[in-house]
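The values are calculated or read from the model by the stated rules, or taken from the named source; none is laboratory data. These figures come from a predicted structure and were not determined experimentally. Cβ sites come from the backbone with ideal geometry, for glycine too, and all protein chains shown count toward neighbours.
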Amino acid sequence: MYSLTNARLFDGTRMLPRTHSVTIDGNSIIAIDAAVGGETIDLGGMTLMPGMISCHFHADFLLFKLEKYFAGEQVGKEMPPGVLMAMGVRQCGVLLESGFTGYIGASASNNIDASLKIAIAEGVIPGPRIRACSRAVGTTADFNDSKKWWQVFTQPGLDIRADGPEEIRKVVREEIRCGAETIKIFPGGGHGIPSQLRNMSREEMEMVVRTAHERGAKVRAHIGHKDLILECIEMGLDIIDHGDGVDEECIDAMAKAGTYWVPSQVYSKVALELGWAHPGDDHLYQKVRRMLPIAQKAGVKILIGDDYGGVTRDFLPDDPLDHQIGNYGREFAFYGEIEGLDPSDILSWGTKNAGEALLGEDNGKVGVVETGAFADLIVVDGDPLADMSILAKPQEHLKAVIRDGMMVIDRMPSQEKRPSNFSRRRQAFFA
């Protein structure tokens with residue numbers, strides 16, 4: 001048992017007045033501002049906050065190039081499965097070094113999310129808390145299928161195909177058997193994908209949602225069009241990815257249903273800057289930015305996360321979508337530029353809201369600093385609400401990462417006595 005004392009405290013929703021102490025025993029927070037004994041570390045007024053959580057994460061995206069996808073090459077077959085898994089191990093290290101103690105998968109090939117989760121649980125590698133995602137479930141001849149009909153994809157990579165409700169039911173059950181806790185579907189296009197309106201029938205989508213929920217899994221969907229957004233919310237889908245067509249009607253529906261929304265607009269900004277955007281994408285990008293304050297006020301559960309994976313590696317020397325230390329944290333300042341959004345609300349997208357989406361209602365709490373929550377925490381030198389850009393500068397401002405009660409990154413000023421149960425296993429999988 002140990003306590004972190006003299007800490008400015010962001011609890012997942014707001015920065016509390018004055019300084020506080022937080023006591024950790026095992027992997028949980030057992031007390032706040034209570035004298036319970038044990039060893040202590042004085043944080044000297046630095047900020048203690050929940051570890052951040054990325055809610056749209058592709059662990060095996062690294063050498064993927066978007067131009068190859070547009071040319072019809074199969075995603076998830078860029079390298080052998082073992083190499084793709086090695087990329088996932090690397091990304092787990094980058095997340096921790098960036099102050100992210102969790103991620104929610106947004107699809108991965110070769111059961112990589114589920115395999116990483118096992119490796120972390122077994123102590124093979126250090127890593128974040130993971131909600132594992134399936135491969136991307138689609139249909140024959142959809143926009144993720146081969147663009148070259150004479151070269152049909154015969155082995156699944158990132159994408160897997162099924163047609164009709166009964167085939168869909170079997171695929172969903174198999175993905176869950178292989179460790180998927182979230183099923184990813186592509187109901188329609190948009191957000192960097194040719195805007196084919198419908199990719200899956202309503203009956204197929206309903207079967208995905210029903211089958212996943214029967215077996216305790218969530219469902220997330222890549223959607224751009226308003227009509228499909230409303231359909232998915234109506235049938236109980238859990239997470240809307242992108243949602244470029246969101247308007248006030250969609251916001252009202254999401255708020256009432258408790259649907260999560262991951263706008264992931266950094267990709268849209270990059271695509272516009274590089275000239276990759278489709279006609280009308282600038283209008284949609286600006287529309288989403290106008291909708292975000294309205295959605296926040298309405299109570300929509302917005303999440304942080306984007307399509308990281310080096311898809312622009314050949315074009316930008318300082319690529320905001322590469323898996324490099326600090327890049328994930330850029331999202332907070334990016335959304336902080338939008339008038340009408342409060343920094344504390346934006347930070348809650350990547351902490352409290354994200355923690356609820358990661359674990360659900362019955363598996364404990366992360367993303368908050370409160371008694372009984374799991375001790376996934378970070379120590380930041382500075383006030384992230386006054387300057388959100390410091391969350392993108394972990395080499396300067398991130399002083400400690402605590403994952404499941406253990407300190408896995410320690411850059412704290414030296415003190416005469418360290419708590420004896422701290423682990424100082426600082427990992428470096430990357431430059």
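Some values worked out for this structure:
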| read-out | value |
| --- | --- |
| Residue match in the stretch 251-266 (condition: at pLDDT 90 or above, hydroxyl-bearing (Ser, Thr, Tyr) and over 14 Å from the mean Cα position of the chain (by Cα)) | yes |
| Tally, over the stretch 39-64, of residues that are surrounded by fewer than 22 Cβ atoms within 10 Å (Cβ to Cβ), in contact with a Ser or Thr (Cβ under 8 Å, 6 or more places away or on another chain) and either within 30 Å of Gly76 (Cα to Cα) or among the hydroxyl-bearing types (Ser, Thr, Tyr) (or both) | 1 |
| Conditions (1) on the phi < 0 side of the Ramachandran plot; (2) crowded, with 22+ Cβ neighbours inside 10 Å; (3) among the small types (Gly, Ala, Ser); number of the one not met by Gly12 | (1) |
| Pick from the stretch 90-137, criterion of a type in the set (Val, Ile, Thr) and assigned to a helix (DSSP H, G or I), ranking: nearest to Ile390 (Cα to Cα) | Val94 |
| Some residue of the stretch 25-48 being farther than 23 Å from Lys301 by Cα and touching a helix residue (DSSP H, G or I) at 6+ places or on another chain (Cβ under 6 Å) | no |
| Identity of the residue in the stretch 267-276, buried (at least 19 other Cβ atoms within 10 Å of the Cβ) and either at pLDDT 95 or above or not polar (S, T, N, Q) (or both), that ends up nearest to Cys55 (Cα to Cα) | Tyr267 |
| Test: residue in the stretch 166-183 that is at pLDDT below 95, touching a strand residue (DSSP E or B) at 6+ places or on another chain (Cβ under 9 Å), closer than 30 Å to Pro263 by Cβ and among the aliphatic types (A, V, I, L, M) | no |
| Residue that is within 17 Å of Asp307 (Cα to Cα) and in contact (Cβ under 8 Å) with a residue 24 or more places away in the chain, where the choices are Lys184, Lys218, Lys226 | Lys184 |
| Any hit, the stretch 257-264, residues being under 23 Å from Glu204 (Cα atoms), of a type in the set (A, V, I, L, M) and surrounded by fewer than 22 Cβ atoms within 10 Å (Cβ to Cβ) | yes |
| Residues (of a type in the set (Gly, Ala, Ser) and closer than 19 Å to Glu39 by Cα) located in the stretch 1-18 | Ser3, Ala7 |
| All positions within the stretch 1-28 that are β-branched (Val, Ile, Thr) and touching a Lys or Arg at 6+ places or on another chain (Cβ under 9 Å) | Thr13, Thr19 |
| Extreme residue, farthest from His397 (Cα to Cα), among residues of the stretch 307-347 that are among the acidic types (Asp, Glu) and modelled with pLDDT under 95 | Asp314 |
| Of all residues in the stretch 277-305 being among the small types (Gly, Ala, Ser) and surrounded by fewer than 22 Cβ atoms within 10 Å (Cβ to Cβ), the one that is farthest from Lys256 (Cα to Cα) | Ala277 |
| Residue match in the stretch 121-133 (condition: within 30 Å of Lys393 (Cα to Cα), loosely packed, with under 15 Cβ neighbours inside 10 Å and not aliphatic (A, V, I, L, M)) | yes |
| Search result, residues across the stretch 27-61 that are of a type in the set (Gly, Ala, Ser) and assigned to a strand (DSSP E or B) | Ser28, Ala31, Ser54 |
| Looking only at the stretch 227-246, and only at residues there that are in contact with a helix residue (DSSP H, G or I) (Cβ under 6 Å, 6 or more places away or on another chain) and not hydrophobic (A, V, I, L, M, F, W, C), the one that is surrounded by the fewest Cβ atoms within 10 Å (Cβ to Cβ) | Gly236 |
| So Ile233, is it modelled with pLDDT of 95 or more, under 28 Å from His323 (Cα atoms) and either touching a Cys at 6+ places or on another chain (Cβ under 9 Å) or outside the structural domain of Leu321 (by TED's automatic domain parsing) (or both) | no |
| Residue tally, condition within 20 Å of the chain's Cα centre (by Cα) and within 16 Å of Ile183 (Cα to Cα), over the stretch 214-231 | 8 |
| Residues located in the stretch 2-53, provided they are of a type in the set (A, V, I, L, M, F, W, C) and without any contact (Cβ under 8 Å) to a residue 40 or more places away in the chain | Leu16, Ala34, Ala35, Val36 |
| Tabulated pairs, the stretch 254-269, first in the same structural domain as Gln286 (by TED's automatic domain parsing), second assigned to a helix (DSSP H, G or I) and among the basic types (Lys, Arg), C-beta under 6 angstrom, 6+ apart or interchain | none |
